[in-house]
Amino acid sequence: MSIVKLHVNGASHEVDVDPSTPLLYVLRNDLDLRGPRFGCGLGQCSVCTVIIGGTAVRSCITPVSAVRGEVTTLEGLSKNGKLHPLQEAWIEEQAAQCGYCQNGQIMTAKALLDRNPHPSDAEIREAMDGALCRCMTFYRVQAAIRRAARGTMTPGEGK
Amino acid sequence: MSNPLQLPPELEDALNGLNQASRRSFLAGSGALAISLSLGALPSAKALAQAPSAAAAGPYPDPDFLELDTWIVIHANNTATFYVGKTDGGQGTGTAFRQMMCDELDIAYDKTRLIMGCTDITPDQGGSGGSDGVETDGRPMRRVAAEARRVLLELGGQHLATPVEMLAVANATISLKSNPARKVTYAELIGGKRFNIALSGRNVDFTTGQAAIKPVGDLRVIGHSHKRYDIPPKVDGSLRWAVDVKLPRMVHARNVRPPFAGAKLQRIDETTVRDVPGFIRVVSRGNYVAVICEREEQAIRAARQLKTEWQRPDAAAFPASSELFDYMRRATPTSTSEPRIEGDPDAAFKGAKHVIEAEFEVPFQGHSSIGPAHALADPSDGQMTIYSNDMKSYSHRTGIAKFLGMPREKVRVIYMDGPQVYGRTAADDAGFEAAFLAKELGRPVRVQWMRDEEAGWDTKGPAHVFKLRGGLDERGKLVALEYDACAADYNHLWYNEPDTVLIAQLMGRRPAQPAKGSTEAPTAMYAIANRRTTSRIVGLPLIWETPLRTGNLRDPNGPQVTFAFESFIDELAAAARADPIQFRLDLLEQAKEDDMFRKSRSLAVVRAAAKAYGWDTRPSPKPRPATSLDKVLTGRGVAYTYRNKTIVAVIAEVEVNLETGRVWAKRLVCAHDCGLVINPEGLRYTVECGMLHGLSRALWEEVQFDTEKVTSVNWASYPSLRHSDTPETIDVVLVNGDPNPGRPDLAPYGAGECSHKPLIAAVANAVYDATGVRLRRAPFRSERVLAALQAQST
């Protein structure tokens, strides 16, 4: 065990863990965050995704000691109680069934829009392809990404 | 409730021991206490995390479904809480239940909340299963809400000294029709107090008071697309799921599974993990092994590191997946159904002008939940509380109590949100494991399966082999049909059985008899005068302690059966040179109507799908010039079926890449009749996702194994549908094909599974339309499609 310093969602933390511990378990079990979840532990499904330095990172295969820079989790997307446009779009499109994987969908989409604010449909499909969902919410997730990219939040639009 | 960053109230209530104690006292009728729930004053998440967990002193009696107070509480602030014995696997049924109860109670949707599936505070409606939540369990919900309204109206009449007939009700407020200013709220009449009204009914499904439910024309909340209340806290990360619960002194366990099926544990070398930081204990019983550590990553490491020795069984556990269908064809059945014969099929085949036959194959397919099975069990105070997303929390509780030898009243299950539950999942197994380990250790134990465990050891949908034979007369009319199904489904597992869950099997427990297993006959309203329907079940050599356990997976045999049957109907249409939709309509036109109007509704649904798609009438395959150099061919295919009372027709438009074999369903159209629609948008979305789950099974899903273990154990070896496979367009048409569509007693029917059922067939039929190649073996992965295309061209 050793002391590891982390910057998560604008706050600093020190945790006493084995440096090889995957970031996922520190976020969930030490910092009590609930956005990133365990899905595969292999970096295959994206359910555990967080954003570090603008990149969508699979926290289940990232040792906590390798983390450099600010970690943003699903909880960190909203600012001052106001939801991120992607989260608003997700609610507008009702883009979740069970919702277990939606952390991976939203965080992967966030990294996409941050580097490409107006992706084409093909770019959305390509960027999101590693974000798995066993309820198969892909169609509405893509609609929600388009809605957020448009920046229009007219209720009922975009179906 | 308007603050999306606060925990959902219903979950806070379920987690808060104090409120549960109050709830039990309230149900027990101990004094006129005001229940300590109010929409404005909920404890913070932090306070909850620090609250004594499950500290309430049991026992946990069953809430009495014959008491109105079990179902509905009116609070002092004129809001209401509904308590129902259901769970929501992600289709938004919780929202639908609230809408139905609001409508009957005459209260605004946003003034209510709903608590589901917690065994000691909600009536036992069995949890979820069979897509009958809205259809069957919604009835008592509506009736008890109507009864509460009736009682409140009577109280209001007394309060206002006015006959009930002269009163109006809206928004939980009763007023004089002649003078709306004279009014009284529900809260003023009964807020925080008990109704003390007895209900009747021979079981929970028949629960009723004296009041009748409203006619369809008076419904105002039903039919409105309320947004799901559970989505905001799911997209902002605030919801506390079953996977998130943390308790003081909680530890983490991971299972160590036998490395091959039927292996017997010989030795555990605990010295291989004693130096793992946080190591607590290895627990083993029979062939069940688990490692417990203080922290989650420590348990994962220790479970991987633990050295164990196992003895191989003498014989192969099962044939390799590449040999499965040959094995099934040859195997002696464990049971055979009584043949169902209509007319004289033998004579009809003799007289037929044209006879065709075909065989179809569907492999084992898995639940493979995106979130591996998990549970947390707390053994405090000699009781057992299990935090779980198990869709049947009530049998989970009963099964675990039996397994542990504890009185039911000392065991409870707190149902919380979790990953998808489309039937008998490994969530059943994980809850038993957590409870067993917690009892052994005397500390709260959290278990979660690893990905390879979930893919390898969860319950599978049974593999099927079908043989169909059909006879057409000289005019192309279907005059005889033979259907034979063979399912590898012996020892099919039911839910939460204390002698068949995986831990029980590994410990050597066995029921007196393995379950026989089942398949089903095709569900279509076609008039076929002469037909023979037969089926048989076969078993694999290893029955117990096998990773190839079968259990209910979304519409348990429907996708397999409908693939074979609706593909073959398509083959018959092609042999008759008939348009595939017209061929089906002709078969439906000749059918007899039944008491659910399934003939009329089937015709309406098939026609609605054709219209929405813009179907042009012609036979398949699509004509294409012999000189065509196109590398991507397009085609369309239809499949129709019903599930119980719900009717569905799906049209798939596909692109088939002749060079790669890739099949892309570019467009899906679904016409769907499930009677009264509670929430149109919620329904459309469930229908969409049901179709895409079916598409995943059509294109990708296949459990693979050698003769001793499952080899498709992660998302690379068990691929599933992805964003890149998503159709460009999905159209869902909600149909009301009832002969009397406006009738006041129109009922809602289940919608969780029906649209899932015809997808494999619709895609196969579309591939035939595009290419002239019939795919009779699912899934249609590129290499298999390419091989079929090449076989045709040679």
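Within the stretch B:153-168, track down each residue that is touching a strand residue (DSSP E or B) at 6+ places or on another chain (Cβ under 7 Å) and within 22 Å of B:Thr207 (Cα to Cα). Can you show your working first?
The first filter runs over the stretch B:153-168 and keeps only residues touching a strand residue (DSSP E or B) at 6+ places or on another chain (Cβ under 7 Å), leaving B:153, B:156-157, B:159-160, B:162, B:166-168.
Scanning the stretch B:153-168 gives a single hit, B:Leu153.
Please tell me if B:Ala76 is part of a helix (DSSP H, G or I) and in contact (Cβ under 8 Å) with a residue 60 or more places away in the chain. Spell out the reasoning first.
Values: part of a helix (DSSP H, G or I): no; in contact (Cβ under 8 Å) with a residue 60 or more places away in the chain: yes.
For B:Ala76, the condition - part of a helix (DSSP H, G or I) and in contact (Cβ under 8 Å) with a residue 60 or more places away in the chain - is not met.
So if I check each of B:Ile651, B:Ile647, B:Ile678, which one is in contact with a strand residue (DSSP E or B) (Cβ under 9 Å, 6 or more places away or on another chain) and outside any strand (DSSP E or B)?
Working: B:Ile651 fails: outside any strand (DSSP E or B); B:Ile647 fails: outside any strand (DSSP E or B).
Going through B:Ile651, B:Ile647, B:Ile678 in turn, the sole match is B:Ile678.
Looking only at the stretch B:560-617, count how many residues are under 25 Å from the mean Cα position of the chain (by Cα), surrounded by fewer than 21 Cβ atoms within 10 Å (Cβ to Cβ) and not in a loop (DSSP other than H, G, I, E, B).
Qualifying residue count, the stretch B:560-617: 0.
Just need a number here: residues in the stretch B:306-358 that are among the basic types (Lys, Arg) and closer than 30 Å to B:Arg257 by Cα. Outline the logic, then answer.
Of all residues in the stretch B:306-358, those among the basic types (Lys, Arg) come to B:307, B:312, B:329-330, B:340, B:350, B:353.
Remaining after also requiring closer than 30 Å to B:Arg257 by Cα: B:307, B:312.
Summing the residues that are among the basic types (Lys, Arg) and closer than 30 Å to B:Arg257 by Cα in the stretch B:306-358 gives 2.
What do you reckon, is B:Gly94 modelled with pLDDT under 95, within 19 Å of B:Leu683 (Cα to Cα) and not assigned by TED's automatic domain parsing to the domain that holds B:Tyr422?
Details: modelled with pLDDT under 95: no; within 19 Å of B:Leu683 (Cα to Cα): yes; not assigned by TED's automatic domain parsing to the domain that holds B:Tyr422: yes.
In short, no.
Conditions first: (1) of a type outside the set (S, T, N, Q); (2) within 14 Å of chain A (Cβ to nearest Cβ); (3) farther than 26 Å from B:Ala485 by Cα. B:Pro748 passes all but one, so which condition is the exception?
B:Pro748 satisfies every listed condition except (2).
Pick from B:Val273, B:Val251, B:Val235, B:Val243: which is of a type in the set (A, V, I, L, M, F, W, C), under 30 Å from B:Pro680 (Cβ atoms) and surrounded by 20 or more Cβ atoms within 10 Å (Cβ to Cβ)? Full working, then the answer.
Numbers: B:Val273 fails: under 30 Å from B:Pro680 (Cβ atoms); B:Val251 fails: under 30 Å from B:Pro680 (Cβ atoms); B:Val243 fails: under 30 Å from B:Pro680 (Cβ atoms).
Matching residue, one of B:Val273, B:Val251, B:Val235, B:Val243: B:Val235.
Which residue, of B:Ala290, B:Ala302, is touching a residue at least 12 places away in the same chain (Cβ under 8 Å) and within 14 Å of chain A (Cβ to nearest Cβ)? Working first, answer last.
Numbers: B:Ala290 fails: within 14 Å of chain A (Cβ to nearest Cβ).
The match here is B:Ala302.
Quickly run through the stretch B:341-366 and pick out the residues that are under 37 Å from the mean Cα position of the chain (by Cα), more than 11 Å from B:Arg531 (Cα to Cα) and exposed (fewer than 15 other Cβ atoms within 10 Å of the Cβ).
If the condition is that a residue be under 37 Å from the mean Cα position of the chain (by Cα), more than 11 Å from B:Arg531 (Cα to Cα) and exposed (fewer than 15 other Cβ atoms within 10 Å of the Cβ), then B:Glu357 is the only one that fits.
When you check B:Glu659 against the structure, is it part of a strand (DSSP E or B) and of a type in the set (D, E, K, R), yes or no?
Details: part of a strand (DSSP E or B): no; of a type in the set (D, E, K, R): yes.
In short, no.
Every residue, every condition in (1) surrounded by fewer than 18 Cβ atoms within 10 Å (Cβ to Cβ); (2) at the interface with chain B (Cβ under 10 Å from one of its Cβ atoms); (3) more than 12 Å from the chain's Cα centre (by Cα), yes or no:
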site: A:Glu14; (1), (2), (3): yes, no, yes
site: A:Pro19; (1), (2), (3): yes, no, yes
site: A:Val26; (1), (2), (3): no, yes, yes
site: A:Asp30; (1), (2), (3): no, yes, yes
site: A:Arg34; (1), (2), (3): no, yes, no
site: A:Phe38; (1), (2), (3): no, yes, yes
site: A:Leu42; (1), (2), (3): yes, yes, yes
site: A:Val47; (1), (2), (3): no, yes, no
site: A:Val50; (1), (2), (3): no, no, no
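Say whether the condition of being surrounded by 14 or more Cβ atoms within 10 Å (Cβ to Cβ) and touching an Asp or Glu at 6+ places or on another chain (Cβ under 8 Å) is met by at least one residue in the stretch B:172-191.
Checked against the condition, which is being surrounded by 14 or more Cβ atoms within 10 Å (Cβ to Cβ) and touching an Asp or Glu at 6+ places or on another chain (Cβ under 8 Å), the stretch B:172-191 yields at least one hit.
Can you tell me which of (1) on the phi < 0 side of the Ramachandran plot; (2) surrounded by 15 or more Cβ atoms within 10 Å (Cβ to Cβ); (3) within 35 Å of the chain's Cα centre (by Cα) is the one B:Gly286 doesn't meet?
Going through the list (1) on the phi < 0 side of the Ramachandran plot; (2) surrounded by 15 or more Cβ atoms within 10 Å (Cβ to Cβ); (3) within 35 Å of the chain's Cα centre (by Cα), B:Gly286 breaks only (1).
Can you say whether B:Arg397 is touching a residue at least 12 places away in the same chain (Cβ under 8 Å) and out of contact with any helix residue (DSSP H, G or I) (no Cβ under 8 Å at 6 or more places or on another chain), as far as the supplied structure shows? Let's see the steps before the verdict.
Values: touching a residue at least 12 places away in the same chain (Cβ under 8 Å): yes; out of contact with any helix residue (DSSP H, G or I) (no Cβ under 8 Å at 6 or more places or on another chain): no.
For B:Arg397, the condition - touching a residue at least 12 places away in the same chain (Cβ under 8 Å) and out of contact with any helix residue (DSSP H, G or I) (no Cβ under 8 Å at 6 or more places or on another chain) - is not met.
Looking at (1) in contact with a Lys or Arg (Cβ under 6 Å, 6 or more places away or on another chain); (2) among the charged types (D, E, K, R); (3) closer than 30 Å to B:Pro619 by Cβ, which one does B:Glu753 not meet, given that it meets all the others?
Exception for B:Glu753: condition (3).
Could you give every pair whose Cβ atoms fall below 8 Å, whose first residue belongs to the stretch B:317-336 and is outside any helix (DSSP H, G or I), and whose second residue is surrounded by fewer than 15 Cβ atoms within 10 Å (Cβ to Cβ), counting only separations of at least 6 or pairs across chains?
B:Pro319/B:Asp326; B:Thr334/B:Lys516; B:Ser335/B:Lys516
So in the stretch B:296-326, with the set limited to residues that are under 34 Å from the mean Cα position of the chain (by Cα) and surrounded by fewer than 18 Cβ atoms within 10 Å (Cβ to Cβ), which one is nearest to B:Leu376 (Cα to Cα)?
B:Arg304
How many of the residues in the stretch B:424-447 are surrounded by fewer than 24 Cβ atoms within 10 Å (Cβ to Cβ) and either of a type outside the set (A, V, I, L, M, F, W, C) or closer than 28 Å to B:Gly539 by Cβ (or both)? Even if it seems obvious, please write down each step before you answer.
Residues of the stretch B:424-447 surrounded by fewer than 24 Cβ atoms within 10 Å (Cβ to Cβ): B:439-443.
If we keep only those that are either of a type outside the set (A, V, I, L, M, F, W, C) or closer than 28 Å to B:Gly539 by Cβ (or both) too, we end up with B:439-440, B:442-443.
Selection size over the stretch B:424-447: 4.
Listed residues B:Ser717, B:Ser724; which is assigned to a helix (DSSP H, G or I) and either in contact with a Phe, Trp or Tyr (Cβ under 7 Å, 6 or more places away or on another chain) or surrounded by fewer than 24 Cβ atoms within 10 Å (Cβ to Cβ) (or both)? Before the answer, list the steps.
Values: B:Ser717 fails: assigned to a helix (DSSP H, G or I).
It is B:Ser724.
Check B:Pro258 against each of (1) within 13 Å of chain A (Cβ to nearest Cβ); (2) over 30 Å from B:Cys118 (Cα atoms); (3) assigned to a loop (DSSP other than H, G, I, E, B) and name the one condition it does not meet.
That leaves (1) as the condition not met.
Give me the residue from the stretch A:65-80 that is among the aliphatic types (A, V, I, L, M) and within 13 Å of another protein chain (Cβ to nearest Cβ) and, out of that set, farthest from the chain's Cα centre (by Cα).
Narrowing the stretch A:65-80 to residues among the aliphatic types (A, V, I, L, M): A:66-67, A:71, A:74, A:77.
Right, trim to within 13 Å of another protein chain (Cβ to nearest Cβ) and you get A:74, A:77.
Numbers: A:Leu74: 5, A:Leu77: 9 Å.
Among them, the one singled out is A:Leu77.
Looking at the structure I just gave you, is B:Thr519 polar (S, T, N, Q) and touching a Gly at 6+ places or on another chain (Cβ under 9 Å)? Let's see the steps before the verdict.
Numbers: polar (S, T, N, Q): yes; touching a Gly at 6+ places or on another chain (Cβ under 9 Å): no.
Judged against the criteria, B:Thr519 is not a match.
The values are calculated or read from the model by the stated rules, or taken from the named source; none is laboratory data. Everything numeric here is computed off the predicted structure, so don't read it as measured data. Cβ coordinates were reconstructed from backbone atoms using ideal geometry, including for glycine residues, and neighbour counts include every protein chain displayed.
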